[in-house]
Amino acid sequence: MRWVPAFIVALLGSLVLVGGASGADAYPRRAVRLIVPYPPGGAGDIVGRMLAARMTEALGQQVVVDNRGGGGQVIATELTAKAPPDGHTLFLASATHGINPGLRRGKLPYDTLKDFAPITLVAESPLVFIAHPSLRVGNIQELIAAAKSRPGRINYASSGPGTGGHLSFEMLKHYAGIDVAHIPYKGAGPALVDLIAGQVQAMCTSPLPAMPHVKAGRLKALGMTSRARSRAAPEIPTVAEQGVPGYESTLWYALLAPAATPQAVIQRVHAETLKILKSPDIAGPLLAQGAEPIGNSPQELQKFIAVEIERWTKVIEQANIRAD
């Protein structure tokens, strides 16, 4: 064995240490972009900004929300898939991520399962059917009766084709045999603005942005989409218990990264996110609005998304739902 000078051994050792520190310990090296597939004002934006603020503290670099609404969330999702896989781009996916493969078969510019690295399921929430007071309905049965008496003349807003609110309303149409017109927006925020103004008549959306307007009397809550009543609003009956048996729909948010993002980075973001979700200043507001903080493993999230794709694809086929 040839003799190697001590200073070279020391240098090689230091390089190994630097290389080992170049993963999670050195991450992030600059600001992190959190792509949110909604414009400002909706539930996804609210959750994204709550996360970004706490992640900025945890990671020691600014986490900036990048709102990319429109296109049924395909625009934001494709942007994430094509971003450098270095952990400096994260994505707040929603239930639409599991809906789009069945709704837009063969038309997505990415592979929903293969082009993303799962991190954790952030939260789950029911949706709530809401209406402008001028529609003069106070529950789901009254909405169904009004729609049957005026086929095609009642309209509803959604945060875009393929979103949870769109599919949930289409499910109600299918289950109840009613005809109402769909008016898509680029996000829940703009849709809520027009609903409050009476430009549209009804909507199905997350309780996060909707319930403050319900409590203020600007909108009426008709029913929750969950199997059981929400702990945050137990006075609002579910759709199923109002004469639509079997009806159930939930909204969820998950943190993803581009595929091939280093595992050390995924593990760091995962660990920090779980700490954030357990903190009272995040868990409290989410629970108060009916959203349940989750925080599962990357492997569990991957299985969850695969099941969601299968479930929604069946619903879309059975109800013959189309992306408008």
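Yes/no per residue for (1) at pLDDT 95 or above; (2) not aromatic (Phe, Trp, Tyr):
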residue	(1), (2)
149	yes, yes
156	yes, no
167	no, yes
182	yes, yes
188	no, yes
200	yes, yes
203	yes, yes
209	no, yes
224	yes, yes
*Determine the pairs where a residue that is in contact (Cβ under 8 Å) with a residue 12 or more places away in the chain, located within the stretch 268-281, has a partner that is open to solvent by 90 Å² or more (accessible area, probe 1.4 Å) with Cβ atoms under 6 Å apart, the partner being 6 or more residues away or on another chain.*
none
*asked:* Looking at 190, 184 in this structure, which one is touching an Asp or Glu at 6+ places or on another chain (Cβ under 8 Å), in contact (Cβ under 8 Å) with a residue 60 or more places away in the chain and open to solvent by 10 Å² or more (accessible area, probe 1.4 Å)?
replied: 184
*Those residues that are aliphatic (A, V, I, L, M) and part of a helix (DSSP H, G or I), I need them from the stretch 260-284; list them, please.*
264, 265, 266, 269, 271, 274, 276, 277, 282, 283
*Quick one: is residue 302 part of a helix (DSSP H, G or I), open to solvent by 20 Å² or more (accessible area, probe 1.4 Å) and more than 26 Å from residue 103 (Cα to Cα)?*
no
*Does the stretch 66-102 hold any residues that are in a strand (DSSP E or B) and under 14 Å from the mean Cα position of the chain (by Cα), and which are they?*
67, 90, 91, 92, 93, 94
_Selection count, the stretch 27-65, where residues are part of a helix (DSSP H, G or I) and either in contact with a Leu (Cβ under 7 Å, 6 or more places away or on another chain) or open to solvent by less than 20 Å² (accessible area, probe 1.4 Å) (or both)_ = 10
_Residue list for the stretch 228-259, filter: of a type in the set (Gly, Ala, Ser) and part of a strand (DSSP E or B)_ = 254, 257
*Residue tally, condition over 15 Å from residue 35 (Cβ atoms), free of Cβ contacts under 8 Å to residues at least 40 places away in the same chain and aliphatic (A, V, I, L, M), over the stretch 50-75*: 1
_Members of the stretch 272-287 found to be among the small types (Gly, Ala, Ser) and loosely packed, with under 14 Cβ neighbours inside 10 Å, listed by number_ = 279, 284
*Could you list, in sequence order, all residues of the stretch 109-156 that are open to solvent by less than 10 Å² (accessible area, probe 1.4 Å), part of a strand (DSSP E or B) and among the small types (Gly, Ala, Ser)?*
123, 125, 131
_Subset of the stretch 196-210 [in a helix (DSSP H, G or I) and closer than 17 Å to residue 140 by Cα]_ = 207, 210
*Determine which single condition residue 131 fails, assuming it passes every other condition in (1) closer than 16 Å to residue 251 by Cβ; (2) in contact with a strand residue (DSSP E or B) (Cβ under 7 Å, 6 or more places away or on another chain); (3) of a type in the set (Gly, Ala, Ser).*
(1)
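The values are calculated or read from the model by the stated rules, or taken from the named source; none is laboratory data. These numbers come from a predicted model, not from an experiment. So basically every Cβ, Gly included, is an ideal-geometry build from the backbone, and we count neighbours across all protein chains shown. The protein model used for the area step is the full one, side chains on, heavy atoms only, and it has no ligands, DNA or RNA in it. Shrake-Rupley method; radii C 1.70, N 1.55, O 1.52, S 1.80 Å.
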